[in-house]
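The values are calculated or read from the model by the stated rules, or taken from the named source; none is laboratory data. Nothing here was measured: the structure is a model prediction, and the numbers come from that model. Note that we place each Cβ from the backbone using ideal geometry, even for glycine, and neighbour counts take in every protein chain shown. Heads up: the accessible areas ignore ligands, DNA and RNA and are worked out on the full protein's heavy atoms, side chains in. Shrake-Rupley method; radii C 1.70, N 1.55, O 1.52, S 1.80 Å.
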Amino acid sequence: ESSGFLNTALASVTIPASVTSIGDQAFPWSATDRVYFLGNAPTLTGSGWFDGATVTAKVYYLAGATGWTSTYGGLPTVAISTPTVTSVSTAYATAAGGTTITITGTGLNVVNSVTVGGVAATNITVVSSTSITVRTPAGTIGAANIVVTNLAGTVTASNLFNYASTPA
C-alpha cells in the first residue's frame, strides 16, 4: 500500500512472507532503521519506498529466500542465518545473576532474545554480528543452557556456562 507507514516512529518493522509487493513510498518519514523480511523479496512498485529511513537503515532477510540482491529499494541488505554460539566469556558466574557475559558465534547482529538456564537475560547489547553481551538472570547452581533466538531460528548452547555459589 502506498504510504502505509506515513509519519510513524518505527525503529524496525517485520514484513511477513505473505507480502508479495511493496508500494510507492511505503515507509515515508517513518525514521525506520531496520526492515525485516520473512520471505522472498517482494516486488517494488512506484518509487521512494524507504524515503523516511535513517542513514544507517538496512533491510534484513532470511538466508535462502529468493530475489534478494546487495540492495533493496536503495537500502543495503543483510542475510540472516540461524545463530550459532561458539563460546562464552566466562564459564562460571554467581547464581544471584547480574553478571555481564559476552557470547560469541554467528548471526548475533539481529538477536531477538537470549535465555540463560531458561530465564530471559537482560541488557542484550549487539557488539557485532559475532558478539553480544547480556546480563545473566538469577539461576540455579549448576550447568545452564544458553538459548539465542533471531528471526531465522534458535540455537541452544550446552556445557558453556555454569552458575556457582560464588564466581570461579
(request) Kindly list the residues of the range 79-103 that lie in the label zone of Ala63, defined by a backbone N under 13 Å from the point 7 Å along the Cα-to-C-beta vector. (result) 79-85
(message) Going by amide H atoms built from the backbone, whose H comes under 5 Å of the H on Gly73, apart from near neighbours?
(response) none
(request) On the full set of protein chains, 1.4 Å probe, figure out the accessible area of Thr45 and give it in Å² to the nearest 10. (result) 70 Å²
(message) Need one number: nm distance between label points at Asn112 and Asn159, each 7 Å from Cα along Cα→Cβ, rounded to one decimal.
(response) 2.9 nm
(message) Starting from 0.36 nm per residue, how many nanometres of slack lie between Arg135 and Thr71 once their C-alpha separation is accounted for?
(response) 19.6 nm
(request) Provide the per-residue ³J(HN,Hα) series for the range 73-82, in order, calculated from phi with Karplus coefficients 6.51, -1.76, 1.60 and θ = phi - 60°, each as a whole number of Hz, with x at glycine and proline positions. (result) x, x, 9, x, 10, 9, 7, 9, 10, 4
(request) For Ile22, list long-range residues whose amide hydrogen, built 1.01 Å from N in the peptide plane, is under 5 Å from its own amide hydrogen. (result) Thr43, Leu44, Thr45
(request) Between Ser89 and Thr56, with labels modelled 7 Å along Cα→Cβ, what's the label distance in nm to one decimal, could you check? (result) 2.0 nm
(message) Please list, in order along the range 59-72, the HN-Hα scalar couplings obtained from phi with the Karplus expression 6.51 cos²θ - 1.76 cosθ + 1.60 (θ = phi - 60°), rounded to whole Hz, x for Gly and Pro.
(response) 9, 10, 9, 6, 3, x, 6, 9, x, 8, 10, 5, 9, 9
(request) Would you mind checking which residues have amide H under 5 Å from Tyr60's amide H? H placed 1.01 Å from N; only 5 or more apart, or other chain. (result) Val35, Tyr36, Phe37, Val78
(request) Give me the percent of the accessible area of the chain that comes from carbon and sulfur atoms, probe 1.4 Å, all protein chains in place. (result) 53 percent
